[in-house]
Amino acid sequence: MEPRFAGMTFFATSHAGDVCGTNGLPLTPNSITIYGRSQILRTFSHPNLCMYLDIIRGKHERTMIVSEFYAQSLASVQDSISVPGIVKICHQTLKALSFINSFEIVHRCLAPDNILFDAQGNVKLFNYGLYFMTGKGADVSFPIGNPRYMAPEVFLVDSQIASSPKVDIWSLGIILAEQALGLGQVWSELKLAQLMRKVLSLINCNSDTSVFSRIAREHSCWTKYENLPQSLVHLINSCLQLNPSDRPTPKELLQFSIFKEYTLDDIQIGKFDRPDTLFENIHPLNSLPLQELYYLWRLAGGDVQSELKKQGLIRTMPPILSVPRLVLLEGSVLGKRRDQTSLLDLKIIPLSLDSLRNRLAPVPFSAYYPLIETKSDILNEEEECDAATLPLIIRERDTEYQFRRVVLFRRLLEGYPHTKASIVREARQDIPPLYRGRVWAALLEVEGDFESFYVETDKETPNHTDRQIEVDIPRCHQYDELLSSREGHRKFKRVLKAWVERNPQYVYWQGLDSLCAPFIYLNFNNEALAFACLSAFIPKYLHRFFLKDNSAVIREYLAKFTHIIAFHDPELSNHLQEIGFIPELFAIPWFLTMFSQVDIERCLSDSVAFYCCTPRSTTYRQHERCPGKISQKNKPYHPDLEMSAQSVAELQAESCPRISGADLLDLLDSSKFPRPKVLVVDVRNPELFHLGTAPGSINIPHSRFDLTQESPPLPACPEANILLQNRGKILVVAGQGDSPHAVQVAQVLLRNGLPKVCVLNRGIDVLQLANLLTKPTSS
Amino acid sequence: MANRGGAAQRPSPQTQGKICQFKLVLLGESAVGKSSLVLRFVKGQFHEYQESTIGAAFLTQTVCLEDTTVKFEIWDTAGQERYHSLAPMYYRGAQAAIIVYDITNMDSFGRAKVWVKELQRQASPNIVIALAGNKADLANSRAVECDEAQAYADENGLLFMETSAKTAKNVNEIFLAIAKKLPKNEQVSGSGSANQGRRLVESDTSAKTAGNCCK
């Protein structure tokens with residue numbers, strides 16, 4: 001299989017010593033600036049552009065680039081190319097240039113070796129991002145471009161003009177002239193200094209002698225020049241205008257009539273479409289999108305850095321040789337030997353796909369096109385990869401398993417939102433890292449035209465939150481290359497400002513940045529999606545937390561949190577109570593950032609476990625998104641069976657959570673829970689108890705507890721022993737109506753270390769509404 | 001858990017004199033370096049990039065002062081103005097406060113003065129307040145003159161030092177100066193039993209029922 005992508009490498013200029021910016025923070029390394037800036041290139045998908053697949057930072061400001069690659073370039077084509085062929089190359093190159101120009105990117109090193117051809121002989125422009133990603137060359141110490149093809153103004157004027165799309169047109173003009181005149185290379189005998197003088201000397205050309213005609217004369221191919229079609233000469237002359245203002249842009253050139261004269265689609269350039277390449281091309285791996293291919297290539301052991309090392313592009317010098325002779329106290333370094341290994345070598349190293357092909361050889365062809373709507377009989381369960389049962393960390397590194405997941409998720413995402421249910425189901429198993437950003441968006445139910453919404457959102461107008469955002473962004477999330485890059489900072493600021501702008505009821509609280517970070521990281525090239533995800537995430541998990549005055553919401557939340565601790569871990573609860581360690585002192589950063597600053601994995605597995613054994617109504621908050629909505633379809637419950645709002649003071653005065661009558665009925669449903677999960681403790685008088693109580697309940701009248709004591713022991717009675725024997729079950733303390741006794745008794749049970757204690761909201765009376773009161777059994 | 005901080009490393013009062021425990025709170029505008037000062041004092045470290053503090057962080061550090069061991073319980077608070085409503089919970093019952101400003105930022109000095117006023121009005125009457133002009137390593141971009149801050153501190157009876165969490169300049173010194181100024185009669189026994197169930201929030205003098213702290 002032919003290599004599909006290649007690597008190259010260079011060094012960014014390193015900052016001298018220990019330099020700080022005006023804000024006292026260290027300067028961002030140039031390689032990080034390049035890294036952040038170049039991410040956008042990875043989104044470019046155009047038939048005449050080689051795709052950028054990866055940008056990798058190495059040690060000492062090294063940057064490595066992985067790009068789509070084809071072995072055949074205009075420089076390597078041996079046969080002379082026909083006039084229609086030249087026109088086709090010109091046309092496709094212009095389309096590619098015009099596309100990158102629309103992102104304000106110019107090639108600046110356009111030369112025959114950067115014009116590649118795919119198997120069908122179509123132009124694939126290569127290396128067009130180098131000038132852009134290095135900040136017009138500012139972040140690297142080497143000049144960008146081949147002097148032979150450089151426009152004269154590039155040598156002469158400031159970078160503004162030297163970075164106009166018209167510099168590429170000059171280069172294209174020289175390339176076309178070479179091809180039209182059948183020259184291997186213009187001025188091939190000149191050395192670098194002479195070459196630059198030669199290009200500059202062209203300034204003497206005037207309207208009588210065009211640059212093109214002079215090149216023809218100098219290379220003694222005047223006859224050939226005279227026989228060229230006028231339209232082609234006109235095209236080349238337009239490209240080789242000395243004054244940039246006379247030179248058309250790629251977009252303007254595309255309007256030239258010459259491109260209508262030829263039926264460009266049928267023209268063959270060189271010898272392409274050889275039978276053997278045709279055969280190669282039907283290898284199913286070639287049907288995968290390049291990003292997937294690269295992702296799998298790396299999983300199958302592909303390592304750009306080691307490939308470059310093997311090819312001698314990355315060499316290392318023993319550190320002992322780079323020790324300077326003298327370091328002055330203020331930091332300047334003297335007598336350091338120049339490291340030869342850091343010299344520029346822009347050689348391109350194709351990366352072989354053979355090991356990936358071998359690794360995926362056992363995968364049947366059908367796996368490339370899995371059925372997602374109907375589980376077919378042909379694809380039985382046995383065909384599922386054996387890796388499915390392994391730990392996540394292994395699954396994420398298993399080539400074949402990831403292959404299946406990636407193919408499946410790509411197809412599911414293509415069908416979104418129709419495939420929402422399947423995505424949720426599959427995501428429970430795992431999410432392939434390659435598609436995590438889009439899968440999360442699907443899980444958050446982001447759909448519709450979020451892009452225009454984001455575009456229309458004001459992200460620029462200064463406002464009072466700017467100062468805080470500007471202070472926070474450069475110092476937070478600097479652990480990550482993407483988020484610490486300047487581009488990352490800009491995106492951070494825009495998304496945060498957009499969110500504040502679109503949610504006038506909310507404000508920027510420190511901590512919001514932590515919620516924003518994962519979405520920017522996952523959707524670095526799609527700010528609108530990052531914003532849409534954030535906008536969907538916050539109401540889902542942190543509803544109203546970012547109100548300007550959020551104290552009512554937060555305090556209710558923390559009071560509920562205290563109840564839940566009491567419910568699940570009475571020992572911890574009692575200890576915290578004893579030392580007065582209220583959640584206001586420690587839990588705010590957890591909830592305000594959704595635990596983004598703690599070990600989330602442990603947190604997540606614990607919280608899922610707790611969630612599963614916590615009755616929904618015990619977490620009821622009036623400030624939650626849809627308070628009290630317990631999905632009990634077809635069961636029109638009486639409102640008294642649902643929860644009702646309590647003030648924060650009331651919540652704080654009670655130690656245990658309340659449970660709704662509806663939840664209790666649910667727990668008492670023996671068809672759902674054949675082994676009872678709940679024990680009702682009826683604290684009313686025995687007379688009332690014997691008139692009717694909850695099924696299976698025990699009676700400990702509140703008068704048996706010495707409620708005058710601060711923490712009384714359990715009363716000595718057989719019922720207390722039943723309580724202890726049922727430790728672990730949900731203990732629902734029920735009194736008469738909303739009398740305070742149930743709350744007090746629940747607190748005593750809690751102080752005595754019993755877990756899962758809660759109070760029946762509105763007391764035992766609510767069961768009457770459901771006709772569930774039964775005579776107690778005589779045990 | 002009762003002997004938080006480890007009783008082992010705490011010298012016993014019989015052999016080593018008194019042990020005093022003080023609650024100290026750091027206040028000041030955001031990004032002036034409160035967390036960095038604490039990190040330098042407690043762990044001797046400095047991070048170029050210090051994540052912003054949400055809510056507050058709690059740390060402890062012990063310093064020795066002649067025959068007295070002083071244990072600081074440090075509440076490092078969030079600087080953003082929005083978190084202001086939480087601040088009383090942290091400075092209530094505190095015996096000491098460090099109010100931090102950034103010497104390259106005049107606004108942060110103004111904010112520091114507001115904090116001083118608030119503490120003088122609402123904190124414990126005997127609270128020891130220190131003013132720290134942080135980021136002294138950035139003297140090139142100084143916006144607040146040392147003399148001006150010193151004069152303000154003298155007027156208000158504050159300790160004052162210019163500090164740098166980055167270079168460690170005056171970091172231990174300012175905590176030591178506070179320790180010296182604090183009254184040493186509020187002895188806390190190091191023997192352990194008296195420590196059990198000790199309340200983290202309020203000092204012994206202003207005990208309130210838990211759960212009412214943020215009112």
For this session: For A:Leu558, state whether it is without any contact (Cβ under 8 Å) to a residue 24 or more places away in the chain and part of a helix (DSSP H, G or I).
Result: no
Exercise. Taking the condition touching a Cys at 6+ places or on another chain (Cβ under 7 Å), over 21 Å from A:Lys775 (Cα atoms), at pLDDT 85 or above and among the hydrophobic types (A, V, I, L, M, F, W, C), does A:Cys613 pass?
Worked result: no
Seminar exercise, completed: The correct count of residues that are more than 16 Å from A:Trp170 (Cβ to Cβ), of a type outside the set (A, V, I, L, M, F, W, C) and assigned to a helix (DSSP H, G or I) in segment A:99-127 is 1
Problem set entry | Number of the exception - A:Asp246 against (1) surrounded by fewer than 13 Cβ atoms within 10 Å (Cβ to Cβ); (2) of a type outside the set (S, T, N, Q); (3) over 21 Å from A:Val123 (Cβ atoms); (4) at pLDDT below 90 | (4)
For this session: Considering every residue within segment A:727-749, establish whether at least one is within 14 Å of another protein chain (Cβ to nearest Cβ) and either within 22 Å of A:Lys560 (Cβ to Cβ) or surrounded by 15 or more Cβ atoms within 10 Å (Cβ to Cβ) (or both).
Result: yes
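Per-residue answers, yes or no, for (1) under 21 Å from the mean Cα position of the chain (by Cα); (2) over 30 Å from B:Gln122 (Cβ atoms); (3) modelled with pLDDT of 95 or more:
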site: B:Asn3; (1), (2), (3): no, yes, no
site: B:Ala7; (1), (2), (3): no, yes, no
site: B:Ser12; (1), (2), (3): no, yes, no
site: B:Gln16; (1), (2), (3): no, yes, no
site: B:Ile19; (1), (2), (3): yes, no, no
site: B:Leu26; (1), (2), (3): yes, no, yes
site: B:Ser30; (1), (2), (3): yes, no, no
site: B:Ser36; (1), (2), (3): yes, no, yes
site: B:His47; (1), (2), (3): yes, yes, no
For this session: Quickly run through segment A:505-524 and pick out the residues that are more than 14 Å from every other protein chain (Cβ to nearest Cβ) and either part of a helix (DSSP H, G or I) or modelled with pLDDT under 95 (or both).
Result: A:Gln505, A:Pro518, A:Phe519, A:Ile520, A:Tyr521, A:Leu522
For this session: Return the total of residues in segment A:32-60 being part of a strand (DSSP E or B) and of a type in the set (A, V, I, L, M).
Result: 4
For this session: Would you mention how many residues in segment A:559-576 are facing chain B (nearest Cβ under 9 Å), surrounded by fewer than 21 Cβ atoms within 10 Å (Cβ to Cβ) and of a type in the set (A, V, I, L, M)?
Result: 1
Exercise. Which of the following residues is under 19 Å from the mean Cα position of the chain (by Cα), surrounded by fewer than 21 Cβ atoms within 10 Å (Cβ to Cβ) and away from chain B (no Cβ under 14 Å): A:Arg502, A:Arg544, A:Arg486?
Worked result: A:Arg486
Exercise. Out of all the residues in segment A:577-598, is one or more over 23 Å from A:Lys729 (Cα atoms), more than 8 Å from chain B (Cβ to nearest Cβ), touching a residue at least 12 places away in the same chain (Cβ under 8 Å) and part of a helix (DSSP H, G or I)?
Worked result: yes
Problem set entry | Yes/no for A:Ser514 being of a type in the set (Gly, Ala, Ser), closer than 13 Å to A:Leu592 by Cβ and touching a residue at least 12 places away in the same chain (Cβ under 8 Å) | yes
Exercise. Residues in segment B:94-110: is at least one crowded, with 20+ Cβ neighbours inside 10 Å, among the small types (Gly, Ala, Ser), within 11 Å of chain A (Cβ to nearest Cβ) and assigned to a loop (DSSP other than H, G, I, E, B)?
Worked result: no
For this session: Please determine, by comparing only the residues of segment A:1-29 that are polar (S, T, N, Q) and more than 17 Å from B:Glu48 (Cβ to Cβ), which one is farthest from the other protein chains (Cβ to nearest Cβ).
Result: A:Thr9
Exercise. Going through segment B:74-93 one residue at a time, which ones are more than 10 Å from every other protein chain (Cβ to nearest Cβ) and either outside any loop (DSSP other than H, G, I, E, B) or more than 16 Å from the chain's Cα centre (by Cα) (or both)?
Worked result: B:Ile74, B:Asp76, B:Thr77, B:His84, B:Ala87, B:Pro88, B:Tyr91
Problem set entry | Among (1) modelled with pLDDT of 90 or more; (2) of a type outside the set (Phe, Trp, Tyr); (3) part of a helix (DSSP H, G or I); (4) out of contact with any strand residue (DSSP E or B) (no Cβ under 9 Å at 6 or more places or on another chain) - the single one A:Asp606 does not satisfy | (1)
Exercise. Looking at segment A:694-716, is at least one residue over 19 Å from A:Leu668 (Cα atoms), surrounded by fewer than 18 Cβ atoms within 10 Å (Cβ to Cβ) and aliphatic (A, V, I, L, M)?
Worked result: yes
Exercise. Do we find that A:Val87 is under 30 Å from A:Tyr225 (Cα atoms) and assigned to a loop (DSSP other than H, G, I, E, B) in this structure?
Worked result: no
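The values are calculated or read from the model by the stated rules, or taken from the named source; none is laboratory data. Please read these numbers as outputs of a predicted model, since none were measured by experiment. All Cβ positions, glycine included, derive from the backbone under ideal geometry; neighbour counts span all protein chains shown.
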